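S.K.: Dropping a structure here in structure tokens format, bear with me for questions.
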Amino acid sequence: MKITLLGPYPPPYGGISVHVQRLKKKLEERAVPCIVYDYSGICKREGGVVMVNNKATWLLSQLFDNTDNIIHCCGYSPSALTVLSILAIVKRKEVILDAGGFLFGQEGIASRHRFAFKMAARAGIYFIAESSRSKDIILSLGIKPENVNDEIIPCFIPPEVEAEGVSQLPDKIQSFINNHGPIITANAFRISFYNNEDLYGIDLCIDLCANLKLSHPNVGFILCISTVGDYDYLSKVIRRTREKGIEDNFLFASNVQAYHDILTRSDVFIRPTNTDGDSVSLREALYLRVPSVASDAVPRPDSAILFRNRDVADLTSKVEHILGNYGFYKTKLEAVKIEDNTEKILRVYRRLERSKRRTK
């Protein structure tokens, strides 16, 4: 069994890229041949990682590749799914797609998505659904049930804390943590907007920090951003921290390698997105036993505490309640079990490998 992983590889550090990195490591530990084709656009010097300058060009190049492998594409786009479908039809390759839950939006399915899924249905592309919501969308677009994994597999593989935590946090972040408390953390892959609103809720983070400072004058808020993108908006939100008098309480941290190190030193994690997939960072916080508050924009893990989407007053109330009853919430998380999904993914690979052999 040989696996080709197609997806971003850190840096930048985001949910999908970290998932690809950890899955690669898990496969190597099990002696499963694996190569990553990285389309993040940032050159890496790591064995088993090949940079792809253009995702569509690479996919088309596979039409001339006779390697007997399973292609696992981590991250959805309609163009990639269309080319993967052509590849599966012409080369009879086994292709798996991780389908992100929020990438279809919430206001109907655009025609480009419908065409891509029509091609995928014809090609027999196999889908791994990370949530019940994404599974329902996939099935509604004409994919046969036998080509969608019965088992929901969240896009989360736990960190190996000792191995990943070897590098020290930058002095600026370490100093900020040492001199503030409680520590609240949130993250964003890139400054983005959905329905003309701040997708990752950075504006809510600023308002929350200002509200918490009234009762916790030394509160520290760390917002981790993998890649900024919109520097104009970043300038506006930095200016807003000054206007609200929280400039010394709010830290913007970009492309932090040991993100889980920040989480382990945080008192509360928040996920204030106005839409989402099955958030890897939320599952990671819960795995590390950090009380977590998330918007109710989409279904969340049972152990997360929900607040009304885009309602900063409700968000503040939920975080204040956690801080006021911290021992209770920490103890409650001790009973939470968040699975390592590596074995579930391997079961999918083995099933497709057996199917491939039968058809030869």
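S.K.: Filter the stretch 159-184 down to residues that are modelled with pLDDT under 90 and surrounded by 12 or more Cβ atoms within 10 Å (Cβ to Cβ) and give me whichever is nearest to H19 (Cα to Cα).
M.R.: Per the criteria, the residue is P159.
S.K.: What do you reckon, is S61 modelled with pLDDT of 85 or more, under 20 Å from I3 (Cα atoms) and part of a helix (DSSP H, G or I)?
M.R.: So S61 fits the description; yes.
S.K.: Checking A129 against (1) crowded, with 18+ Cβ neighbours inside 10 Å; (2) outside the structural domain of V95 (by TED's automatic domain parsing); (3) at pLDDT 90 or above; (4) not aromatic (F, W, Y): exactly one of these is not met. Which one?
M.R.: All conditions are met except number (2).
S.K.: Specify the residue that is modelled with the lowest pLDDT; the eligible residues are those in the stretch 1-20 that are more than 13 Å from I42 (Cα to Cα) and not in a helix (DSSP H, G or I).
M.R.: G14
S.K.: If you don't mind, another one. Taking G277 as the residue in question, decide whether it is of a type in the set (G, A, S) and at pLDDT below 95.
M.R.: Against the criterion (of a type in the set (G, A, S) and at pLDDT below 95), G277 qualifies.
S.K.: Here is a list of conditions, (1) modelled with pLDDT of 90 or more; (2) closer than 17 Å to F127 by Cβ, and L27 meets all of them except one; can you say which number that is?
M.R.: Every listed condition holds for L27 apart from (2).
S.K.: Could I ask something else about it? Just to be sure I understand, how many residues within the stretch 39-58 are surrounded by 14 or more Cβ atoms within 10 Å (Cβ to Cβ) and within 21 Å of the chain's Cα centre (by Cα)?
M.R.: Residues that pass the stated criteria total 8.
S.K.: L23 passes all but one of (1) crowded, with 18+ Cβ neighbours inside 10 Å; (2) part of a helix (DSSP H, G or I); (3) more than 16 Å from the chain's Cα centre (by Cα); which number fails?
M.R.: Status for L23: all satisfied but (3).
S.K.: Shifting gears a bit: I'd like to know if the stretch 275-284 contains one or more residues that are free of Cβ contacts under 8 Å to residues at least 60 places away in the same chain and crowded, with 19+ Cβ neighbours inside 10 Å.
M.R.: Within the stretch 275-284 (the criterion being free of Cβ contacts under 8 Å to residues at least 60 places away in the same chain and crowded, with 19+ Cβ neighbours inside 10 Å), the answer is yes, since at least one residue qualifies.
S.K.: Same structure again: Assess whether R347 counts as being within 24 Å of the chain's Cα centre (by Cα), in the same structural domain as K26 (by TED's automatic domain parsing), loosely packed, with under 15 Cβ neighbours inside 10 Å and among the basic types (K, R).
M.R.: For R347, the condition - within 24 Å of the chain's Cα centre (by Cα), in the same structural domain as K26 (by TED's automatic domain parsing), loosely packed, with under 15 Cβ neighbours inside 10 Å and among the basic types (K, R) - is met.
S.K.: Let me ask something additional. Taking D207, is it surrounded by fewer than 21 Cβ atoms within 10 Å (Cβ to Cβ), touching a residue at least 40 places away in the same chain (Cβ under 8 Å) and of a type in the set (D, E)?
M.R.: yes
S.K.: Scan the stretch 259-300 for residues that are within 25 Å of S132 (Cα to Cα) and part of a helix (DSSP H, G or I) and jot them down.
M.R.: Those that are within 25 Å of S132 (Cα to Cα) and part of a helix (DSSP H, G or I): V280, S281, L282, R283, E284, A285, L286, Y287.
S.K.: Go through (1) in the same structural domain as T264 (by TED's automatic domain parsing); (2) aliphatic (A, V, I, L, M); (3) free of Cβ contacts under 8 Å to residues at least 40 places away in the same chain and name the single condition I183 misses.
M.R.: For I183, the failing item is (3).
S.K.: Now a separate question. Are there any pairs with C-beta distances below 7 angstrom linking a residue in the stretch 248-273 that is charged (D, E, K, R) to a residue that is buried (at least 19 other Cβ atoms within 10 Å of the Cβ) and part of a loop (DSSP other than H, G, I, E, B), with the two at least 6 apart or on different chains, and if so which?
M.R.: Pairs that qualify, where the first residue is charged (D, E, K, R) and the partner is buried (at least 19 other Cβ atoms within 10 Å of the Cβ) and part of a loop (DSSP other than H, G, I, E, B), are D261/L169; R271/S279.
S.K.: OK, next. State yes or no: is F176 in contact (Cβ under 8 Å) with a residue 12 or more places away in the chain and farther than 23 Å from S317 by Cα?
M.R.: yes
S.K.: (1) in a loop (DSSP other than H, G, I, E, B); (2) surrounded by 18 or more Cβ atoms within 10 Å (Cβ to Cβ); (3) touching an Asp or Glu at 6+ places or on another chain (Cβ under 9 Å): which one isn't true of S303, the others all being true?
M.R.: Here S303 meets the rest and fails (3).
S.K.: For F252, all conditions in the list (1) in a strand (DSSP E or B); (2) buried (at least 19 other Cβ atoms within 10 Å of the Cβ) hold save one; what is the number of the exception?
M.R.: Evaluating F252 over (1) in a strand (DSSP E or B); (2) buried (at least 19 other Cβ atoms within 10 Å of the Cβ) leaves (2) as the failure.
S.K.: Given the conditions (1) crowded, with 21+ Cβ neighbours inside 10 Å; (2) hydrophobic (A, V, I, L, M, F, W, C); (3) in contact with a Lys or Arg (Cβ under 8 Å, 6 or more places away or on another chain), which single one is not true for I89?
M.R.: (1)
The values are calculated or read from the model by the stated rules, or taken from the named source; none is laboratory data. Small disclaimer: the values here were computed from a predicted structure and weren't measured. Please note: Cβ atoms are built from the backbone with ideal geometry, for glycine as well, and neighbour counts cover all protein chains shown.
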